[in-house]
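Have a look at the structure below, then the notes.
The values are calculated or read from the model by the stated rules, or taken from the named source; none is laboratory data. Predicted model only: the values in this text are computed from it and were never measured. In this analysis, Cβ positions are derived from the backbone assuming ideal geometry, glycine residues included, and neighbour counts consider all displayed protein chains.
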Amino acid sequence: MTKRRRILLIAVVVLVALSTWASFRAHPREIVLIGVVDADEVVVTPPVQARLDSLWVEEGSEVKAGQPIASLDRGELAAQANAAGASAASLRAQVEQASLSARQTAGEAAGAVAAAHARVASAQADVARQDAELQRVTAESRRATTLAESGGLSPSELERATTTLHVQQQMSASAVQALRAAEADLRRAEAGELAARAARGSVVATRARLEGAQADSVAASARLGYTELRAPVSGVVQVLAARRGELV
């Protein structure tokens, strides 16, 4: 049987007609049939849009499967690939820097919070000691006043007891102020810890952007590979539907 097949290829809109003939030798008592198979059309078109840069075939040219037949302008696609790669590189650097900063900030914040808690605990203990001492000195001052009124205590001793009371009152007030300052430091340290957590969240968000940029870069690089068009099958160029410089 003789078979005639025409394959129509559109590569950058290149039409190729493939004619294939096959003959079979008849064996004894076999019936040999000869016929024509209707033409098949194979469409070859670029998966990206760009201008036709080179066309290496003409109408009537014979091509083999895998043979380069045309190329597209790589300029714009290359620029897109470079931009995508640069964006990915920039985000990668941002992730590295942000991760390092977040780790340092987290460590510093944790240390600051622990130290602030320790200062608050120490200040609270000091306030308790000073309050206890103030109560004792206040009681002694009252006894001294009572004794002085009855003549059992000299004026100088009363003055000394009164001075001791005033000094202790100042020390107690200073202890309270120190406690308030330590508590303020603790609040600032805790705010820093919250900021460190936010920094870690920013790293996660930037890393997600990096993954998207890397995917874009891979896709852009893949599009560059589509700029060379090859014949998928062997055949003969039937029609050229696009010329060099045209957008396809």
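Quick notes on this one:
- Exclusive hit being modelled with pLDDT under 85 and in contact with an Asp or Glu (Cβ under 9 Å, 6 or more places away or on another chain), set Arg25, Arg29, Arg6, Arg74: Arg6
- Scanning the stretch 133-164 for residues that are surrounded by 14 or more Cβ atoms within 10 Å (Cβ to Cβ) and not in a helix (DSSP H, G or I) yields a count of 1.
- Selection status of Ser172, over 23 Å from Thr105 (Cβ atoms), polar (S, T, N, Q) and touching a residue at least 40 places away in the same chain (Cβ under 8 Å): yes
- Set Leu210, Leu186: member being modelled with pLDDT of 90 or more, assigned to a helix (DSSP H, G or I) and more than 22 Å from the chain's Cα centre (by Cα): Leu186
- Residues (among the polar types (S, T, N, Q), in a helix (DSSP H, G or I) and surrounded by 15 or more Cβ atoms within 10 Å (Cβ to Cβ)) located in the stretch 67-85: Gln80
- Close pairs from the stretch 33-60: first part of a strand (DSSP E or B), partner surrounded by 13 or more Cβ atoms within 10 Å (Cβ to Cβ) and at pLDDT 85 or above, Cβ under 6 Å, at least 6 apart: Arg51/Asp73; Asp53/Ser71; Asp53/Leu72; Asp53/Asp73; Ser54/Ser71; Leu55/Ala70
- Just one of the listed residues (Ser90, Ser101) is in a helix (DSSP H, G or I), assigned by TED's automatic domain parsing to the domain that holds Arg207, within 30 Å of Arg223 (Cβ to Cβ) and not aliphatic (A, V, I, L, M), and it is Ser90.
- Unmet requirement for Gln130, which otherwise passes all of (1) loosely packed, with under 13 Cβ neighbours inside 10 Å; (2) over 24 Å from Gly111 (Cα atoms): (1)
- Failed item, numbered, when Val167 is tested on (1) exposed (fewer than 14 other Cβ atoms within 10 Å of the Cβ); (2) at pLDDT 90 or above; (3) closer than 30 Å to Ala98 by Cβ: (3)
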